[in-house]
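The values are calculated or read from the model by the stated rules, or taken from the named source; none is laboratory data. Quantities reported herein were computed from a predicted structural model and do not represent experimental measurements. A quick note on method: Cβ atoms are made from the backbone with ideal geometry, for glycine too, and the neighbour counts reach across all protein chains shown. Heads up: the accessible areas ignore ligands, DNA and RNA and are worked out on the full protein's heavy atoms, side chains in. Shrake-Rupley method; radii C 1.70, N 1.55, O 1.52, S 1.80 Å.
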Amino acid sequence: MPTVRDLHAKTGSEPITMLTAYDAPAAEVVDEAGVDVVLVGDSVGNTELGYETTLPVTVDEMASRVGAVSRATEDAMIVADMPFLSYGVDESESVANAGRMLKEEGAHAVKLESGPHTVDLTEKLVQLGIPVMAHLGLTPQHVNQYGGYPRQGTTQKAADRILELARDHEDAGAFSLVLEHVPSNLAADVTEELDVPTIGIGAGPHCDGQVLVFNDAVGLTEWSPSFSKQFGDVRGEMTAAVEDYVSAVEKREFPAEEHSHEETDLEDLY
């Protein structure tokens, strides 16, 4: 299992790879492929649970997914995304929710969509032994505030604010920082400024690592963000397999003789 120290050792020399996973089969695939970090993202809301946004995702839903991923993963670091309003409102509740992901579900760290309100909480969690991955730029839990999912850090003032918050979270003890949907030159500046690794998604090539949503990366979705890339066509393969199944059943080609058995000792019931 990669540790915080292992990730820091790779910084500046070898890119860090991170993908999301939301269930045991996907986690096994990601882990066996050699991915460094598995993020159990609250993106499970709109990728797996049928929600329009990440906002409805509950702590219990996240805990169930984190547990499934951790049981199927042997080598990768597991980071649990903390869902909307599970942190930042009451400190003791925030600590309990984050601690649950490590203590009960097997995560190795948590990720917080970050802002001024998470600096002190990051420091508190780290003091208690809960490693924190910060997240700046586009933070999907603010979708109602943003009015969608626009690029962030596109003005000098906004870019300066992101850099300031990045420093603040590093000082508070965050072991890494996700930068989402920000200009590549801003991501390069933040990466240069920080000692902890940056992991980009829609942030260009200059971060210390990259992360994508599993469903986007393997081609499980019909649509994916412009900053993503489909490295396969899993949706097409699944569609073809299901169509073949339906056809085989309708033509009475399945199940064939090799897919069933008879017990000769049973009496003829008819």
Inset, instruction - Using a Gaussian network model of the chain whose springs link C-alpha atoms within less than 10 Å, name the residue from 115, 129, 219 with the highest mean-square fluctuation. - result: 129
Legend entry - Percentage relative contact order, the chain, counting C-alpha pairs under 8 Å, at least six apart: 14 percent
Inset, instruction - If a/c stays under 1.5 just call it rounded; otherwise compare a/b with b/c (prolate if a/b is bigger, oblate if not). Do that for region 164-242, with a ≥ b ≥ c from the square roots of the Cα gyration tensor eigenvalues. - result: prolate
Legend entry - Length-normalised contact order of region 184-232 in % [C-alpha pairs under 8 Å, at least 6 apart]: 27 percent
Inset, instruction - Starting from the residue with the highest accessible area, list 179, 102 in decreasing order, probe 1.4 Å. - result: 102, 179
Legend entry - Neighbourhood net charge (10 Å Cβ-Cβ; Lys/Arg +1, Asp/Glu -1) for residue 64: -3
Legend entry - Net charge over other residues, Cβ less than 13 angstrom from the Cβ of residue 221 (K, R count +1; D, E count -1): -2
Legend entry - Accessible area (Å², per residue) of the chain, counting only protein heavy atoms and a probe of 1.4 Å: 54 Å²
Inset, instruction - First compute the accessible area of region 129-247 with a 1.4 Å probe, then give the percent of it belonging to carbon and sulfur atoms. - result: 50 percent
Inset, instruction - Report the extension gain between residue 9 and residue 253 in nm, rounded to one decimal, defined as 0.36 nm multiplied by the number of residues separating them, less their alpha carbon distance. - result: 82.3 nm
Inset, instruction - Between the alpha-carbon centers of region 91-136 and region 13-29, tell me the distance in whole angstrom. - result: 20 Å
Inset, instruction - Find, among the GluC sites (Glu not before Pro) in region 145-224, those assigned to loop by DSSP (not H, G, I, E, B) with at most 14 other beta-carbon atoms within 10 angstrom. - result: 222
